[in-house]
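Colleague: Take a look at the following structure, please.
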Amino acid sequence: MTTLGGRTLPAATRTPRRRPGRVRRRPPVVFLLPTAVLLVVFGAYPLLVLVQMSFSDVGPATIIGPWDFVGLDNYADVLGGAEVWRSLLRTVAVAAVLLLSNLVLGFVVASLLSFEGRVTSLVLSVMVFIWALPPLVSGSTWRFLLDDTGLVNAVLGLVGVGPVPWLSEPRLALWSVTAVIAWGALPFSALILRGGLLAVDPQVVEAAAIDGAGYWRTQVQVVLPLLRPTLWILGILTVLYAFKSFDYFYVLTQGGPGTATNTLPVQSYYAAFTDFDMSTGATVAVVAMAVVVALAVPYVRSLRREGDA
Amino acid sequence: MNRFVSGPTKGLFAVLRVVLALAYLVPLAWVVVTSLKSGPEVLRSPNALLFTPTLDTYRDVVGDGLEAIATSLQIAVLVTLVVLVVAVPAAFALARRISPVWERVIAVGLAVLLVLQMVPQPMTVIPLFSVLAQWGLLGNLAGLVLADIALLLPFGVMLLRPFALAISPSLYEAAEIDGASTVQSFRLITVPMLSNGIFTVMSVIFITAWGEFVYAINFLPLGVVPPVSGLLAQQNTTYAANWNDLMALAVLTSLPLLVVFVLSQRRLRSGLSLGAVK
C-alpha cells in the first residue's frame, strides 16, 4: 500500500491499476454486514419469538421455554375479551388528538417560529431541549404539576376552580396524559414543519402577498399544499407514535386508574411485566404490530415517492 | 415573509410566541425551583414562590444521582460508539447505487430498517426478555447495551443515510479511477465528509440512550446500580410524595444532557428535520 498523505486522494502520483471507465465495482457487502448481523440477532429474531409466544403458553416460570403450543387460544382470549378493543379505541383516540396537535398546532407553531428574532431563538432552544429531555423527567414534572396540590390546580384555585383530579379521575386521565404527550411531541413536529417552511421558495410567498392575500391565507392556500409530503410523513409518524407511546403513561398513570388509560402498548407491557402473563402481553403486542405494519406500507411507499430509495 | 405581515398580526404573533415560551419554560423552571426547596417546605406549601432556597435536597440525592450518572454514562457511551462504528459503514453501503442488483439490496435493506424502527419498544421488550435470558445476557450491562444498540441502530442508519447520499458519486468515481479500494474511498471520502452527520447522529443516539428506561428497568437485576432512567423510575413509584427529591434528581441527571444539548443544538435543529423526513 502506498502511503497516503493527509486527506488527499491516493495515487494522483501513481499509475492507475485499472483503465478508467472500466472500473469493476464490488458491492460493499462487508460494510453492511455488522448492521445486518446485529439486527437479525437482536431485532428480527426477537420479533419471531414474539409471534411464537403469542401461540404458546408462557408464564412466569417458563420464560425461557420450551413452551406448549396452544394454537389460537391466546388470540381467542384476547380478541374475545372487551379490554383489547377498549385499548384499541383509546389508542386511536390518542392518535387522533396527536394528529390534530402535531399537524395543526405544529403548523401554527412552525409558522410563528419562522420569523427570526430573540424570542424565536429562545423558544427553539427550549423546545429542542424539551425534546432531548428523557420522557421520565418531563413526565415526572407533569405528574407534579397535575397533582391535586400541584401548580395547575393552584392556578385554577385562584379563579375558584378545582382542584381537578387530572390523573385520578378515570374519565379525565386519558385526556390529561394525551395532553402531556402532545406537549412533549410538539417540539419535534414543529421543528420538522419549520424546516419545510424555510425551504419554501420565498418568491412563491411574495407573489401571493402581492396579489393581496393575507398572511394566514397565504400560509393555508399557498404554503400548506407545498408541505403536503412532509405533512403526510409526519402524520404517519404521529399515528405510529400513538401505538408506541408508553413512557408518559408509565410515569403518569401506569395504565390506571383501573384500566382507564390502557392503550395497546400499555396493556401489552403491564400484562407481560406486572401480571407476568407473557402470552397475553405478546398477543396484544402482535395485534398492535399488525396495525403498525399496515401503516408502514404507505409510509415506505411515500418515502419512495420522495425519490429516496 | 416578515414584510408581508400587518402590524396587529405581528403583535399577535409576538404574544403567541411568548405564550409558547411560557408553556415550555414554566415546567422547566418549576423543576428547578422545587429542587431548591426542603422536604417540609414542599409538603407545607408546594407552590410557594417565596422561600429560602436550600441545597439540602441535592445533598441528599447527589450520592445516588452520581452513581446512576456513572452507570448511564457507561451505557450511553458504549451504545453510541457501537452504533456509530456499525451505522456509518452501513449508511455508506446503502448510499452507493453501484449496480441494479445492489440497488435492490438497498431497497430491501431500507424497508427492513424502517419496519424495525417502527416496532414499539414496549413490545420488543417482551421477547427480548426471554431471548436475553436464554443467552445468559439478562441481568448484566452487556445484555442491556446490546438491546439498546438493536433499538437505536436502525434509527442511526436512517439518520445518517441522507448525509451519505449528499456526497457526490463523482468523488467516488474519481477515487476509483485513481485506484482507490472501497475501504480507502470510505475512509478518505465518506468519513471526513460525513462529519456533520456523524456528530448529529452521535448526539441523538446519546440523548436517546440516556433517556431509555423500558429495557433498563427490566433487563438489570435489582441489586445493580441503576442508570439514571432506572433511578427516576424507582423514585416515581416508591417515593411518590417526595417531589423535591424527584425534581433534584431530574435536574442532576439532566445535566450531562445539557452539555450535549449546548454542544449540538444548532446541528440538531437542522439535522433532525433532514434525517427524519428524508
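Every number here is computed from the coordinates shown, using simple stated rules; none is lab data. Predicted model only: the values in this text are computed from it and were never measured. As a convention, Cβ positions derive from the backbone with ideal geometry for all residues, glycine included, and neighbour counts pool all protein chains shown.
Colleague: List the pair-distance distribution P(r) of the range A:82-308, using every Cα-Cα distance, as the percent of pairs falling in each 5 Å bin from 0 up to the bin containing the longest distance, rounded to whole percents.
Modeller: The calculated distribution, bin by bin, is 1, 6, 12, 14, 16, 15, 13, 10, 7, 4, 2, 0, 0, 0.
Colleague: Can you give the average number of partner chain beta-carbon atoms within 10 Å of each beta-carbon in peptide A:121-129, as a whole number?
Modeller: Working: counts 1, 6, 9, 3, 7, 7, 5, 7, 10.
Across the residues of A:121-129, the mean count of other-chain Cβ atoms within 10 Å is 6.
Colleague: Let me know the mean shielding of A:228-240 by other chains, meaning the per-residue number of their Cβ atoms within 10 Å of its Cβ. Show your work: numbers first, answer last.
Modeller: Details: counts 0, 1, 3, 0, 0, 3, 2, 0, 1, 3, 0, 0, 4.
Rounded to a whole number, the mean comes out at 1.
Colleague: What FRET efficiency would be calculated for the residue pair B:Val105, B:Val15, taking the C-beta separation as r and a Förster radius of 56 Å, to the nearest 0.05?
Modeller: On the way: r = 53 Å, r/R0 = 0.95.
Efficiency, from the Cβ-Cβ distance: 0.55.
Colleague: Continuing with the same structure: For chain A, modelled as a Gaussian network with Cα springs under 10 Å, which listed residue fluctuates most, A:Gln221, A:Gln254, A:Gln52?
Modeller: A:Gln221
Colleague: Scan the range B:75-180 for trypsin sites (Lys or Arg not before Pro) in coil per DSSP, keeping those whose Cβ has at most 15 other Cβ atoms within 10 Å, and list them by number.
Modeller: On the way: sites: B:Arg96, B:Arg97, B:Arg104; in loops: B:Arg96, B:Arg97.
Answer by residue number: B:Arg97.
Colleague: Given the DSSP H assignment, sum -39500 (n - 2.57) over each helix run of at least 4 residues in chain A and divide by its residue total; what's the result at 222 nm in deg cm²/dmol, nearest 500? Walk me through the numbers before you get to the answer.
Modeller: On the way: 15 runs with 191 residues, N = 309.
That comes out to -19500 deg cm²/dmol.
Colleague: Let me ask you something else. Using only helices, what value at 222 nm comes out for chain B when you add -39,500 (n - 2.57) per DSSP H run of length 4 or more and divide by the total residues, to the nearest 500 deg cm²/dmol?
Modeller: The helix contribution divided over chain B gives -26000 deg cm²/dmol.
Colleague: Given axes a ≥ b ≥ c from the Cα gyration tensor, I'd like to know whether chain B is rounded (a/c under 1.5), prolate (a/b larger than b/c) or oblate.
Modeller: Here chain B falls in the oblate category.
Colleague: Still on this structure: For peptide B:249-256, what's the mean number of Cβ atoms from other chains within 10 Å of each residue's Cβ? The partial results should precede the final answer.
Modeller: Details: counts 3, 9, 1, 0, 3, 6, 0, 0.
Whole-number average of other-chain Cβ neighbours for B:249-256 is 3.
Colleague: At 0.36 nm per residue, minus the direct Cα-Cα distance, what do B:Val262 and B:Asn140 gain on full extension? Give it in nm, one decimal, please.
Modeller: Gain on extension, B:Val262 to B:Asn140, equals 40.7 nm.
Colleague: Grab the beta carbon distance between A:Glu206 and A:Asp275, set R0 = 45 Å, and tell me the FRET efficiency rounded to 0.05.
Modeller: On the way: r = 61 Å, r/R0 = 1.35.
Computed FRET efficiency for A:Glu206 and A:Asp275 comes out at 0.15.
Colleague: In degrees between 0 and 90, to the nearest 10, how far off the longest principal axis of chain B does helix B:100-118 point, with axes built from Cα atoms?
Modeller: 10
Colleague: Hey, another quick one. Which peptide among A:174-187, B:201-214 comes first, and what is the full order, when sorted by highest mean count of other Cβ atoms within 10 Å? The partial results should precede the final answer.
Modeller: Details: A:174-187: 21.2, B:201-214: 24.3.
In decreasing order of mean packing, A:174-187, B:201-214 become B:201-214, A:174-187.
Colleague: Peptides A:159-167, A:285-293: what's the order by average Cβ count within 10 Å, highest mean first?
Modeller: Numbers: A:159-167: 14.6, A:285-293: 20.1.
Packing order, densest peptide first, comes out as A:285-293, A:159-167.
Colleague: A further question on this structure: Ranked from highest to lowest mean number of other Cβ atoms within 10 Å per residue, what is the order of the peptides B:53-61, A:64-72, B:28-36, B:124-132?
Modeller: The packing order, highest mean first, is B:124-132, B:28-36, B:53-61, A:64-72.
Colleague: Once you've got the GNM for chain A with C-alpha springs shorter than 10 Å, pick whichever of A:Gly235, A:Gly281, A:Gly258 has the biggest mean-square fluctuation.
Modeller: A:Gly258
Colleague: Moving on to the next point. Over all directions, the average projected area of the alpha-carbon convex hull for the protein assembly as shown comes to how many nm²?
Modeller: Values: hull surface 124.7 nm².
The orientation-averaged projected area of the Cα hull of the protein assembly as shown comes to 31.2 nm².
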